[in-house]
Amino acid sequence: MNHPILLVMTAAAVFLVLVSTALAEGTFEGRKKCYNCHKSQGESWDKTLHAKAIESLKPNTRKDAKLKAKLDPKKDYTKDKDCIGCHVDGWGKEGGYTIEEPDKFLTGVGCESCHGAGSDYRKLHRKAGEAFEKSQKTMDRERLVEAGQDFEFAEQCNACHLNYEGSPWKGVKKPYTPFTPKVDKKYTFDFEKAVRSDKALHEHFKLDGTFTGPPTPKFHEEFQKKAKPAVKSDKGEDD
């Protein structure tokens with residue numbers, strides 16, 4: 001027996017789930033938006049290998065490494081859709097990097113590659129920051145998670161560094177990275193070590209305590225103990 005009303009309600013429920021998921025993911029905006037408030041982190045990040053990730057895809061760069069991985073060092077891999085995704089922000093996602101119209105603020109691996117597309121949670125950051133400055137009012141991190149911020153970003157790193165055939169990572173899928181431990185041991189990836197590398201990540205700066213509660217990355221306290229004072233930025237700037 002058919003139940004038209006039930007079918008309509010089910011379809012509506014599925015639609016709402018899909019819409020809420022899309023909203024939670026947000027859209028990519030580019031790291032300049034993040035740098036407006038996080039000036040110190042931005043200046044530090046710009047010096048890292050991740051920030052310059054796209055450089056290795058250009059012709060006649062890293063010749064020996066490419067030959068060892070059976071790649072053509074003369075080829076321009078910045079135009080290769082199988083490669084570019086791990087060297088930019090938001091490849092194939094709303095607002096993300098495109099080969100046709102490359103945005104310099106999405107070029108290289110930046111803030112949103114680790115922390116998630118920022119359109120929704122960045123607004124919460126701004127409001128919470130203003131409320132904290134005015135009255136020391138804090139915000140639960142769970143609200144940021146609901147808005148799409150990722151606090152446990154190991155999977156984001158694994159998706160590029162461990163995406164090869166025979167990898168211990170369960171999320172492996174094509175296109176695979178050609179730079180594997182079999183090619184060279186230096187490509188062995190350990191998130192716990194990588195996240196502490198000043199060549200890979202930005203330096204850490206003192207956070208003012210605006211956000212509280214779970215989820216808290218297990219290395220949060222460790223980093224904050226040795227964090228430097230941050231340079232204040234113009235939080236009114238939004239372009």
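The values are calculated or read from the model by the stated rules, or taken from the named source; none is laboratory data. All values reported here derive from a predicted model rather than from experimental measurement. Cβ sites come from the backbone with ideal geometry, for glycine too, and all protein chains shown count toward neighbours.
Tabulated data for the structure shown
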| read-out | value |
| --- | --- |
| Checklist (1) under 19 Å from the mean Cα position of the chain (by Cα); (2) within 26 Å of VAL88 (Cα to Cα) applied to LYS185, failing item | (1) |
| Yes/no for GLY166 being at positive phi and crowded, with 18+ Cβ neighbours inside 10 Å | no |
| Verdict on PHE151 being assigned to a loop (DSSP other than H, G, I, E, B), touching a residue at least 60 places away in the same chain (Cβ under 8 Å) and closer than 15 Å to HIS50 by Cα | no |
| Criterion (touching a Lys or Arg at 6+ places or on another chain (Cβ under 7 Å) and not polar (S, T, N, Q)) met by exactly one of ARG126, ARG141 | ARG126 |
| Matching helices (runs of 4 or more DSSP H) fully within the stretch 43-146 where at least 3 residues are over 13 Å from the mean Cα position of the chain (by Cα) and modelled with pLDDT under 95 | 121-135 |
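One line per residue, one yes/no per condition, for (1) free of Cβ contacts under 8 Å to residues at least 12 places away in the same chain; (2) touching a Lys or Arg at 6+ places or on another chain (Cβ under 9 Å); (3) under 30 Å from LYS63 (Cα atoms):
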site: LYS137; (1), (2), (3): yes, no, no
site: CYS160; (1), (2), (3): no, no, yes
site: LYS170; (1), (2), (3): yes, no, no
site: LYS193; (1), (2), (3): yes, no, yes
site: LEU207; (1), (2), (3): no, no, no
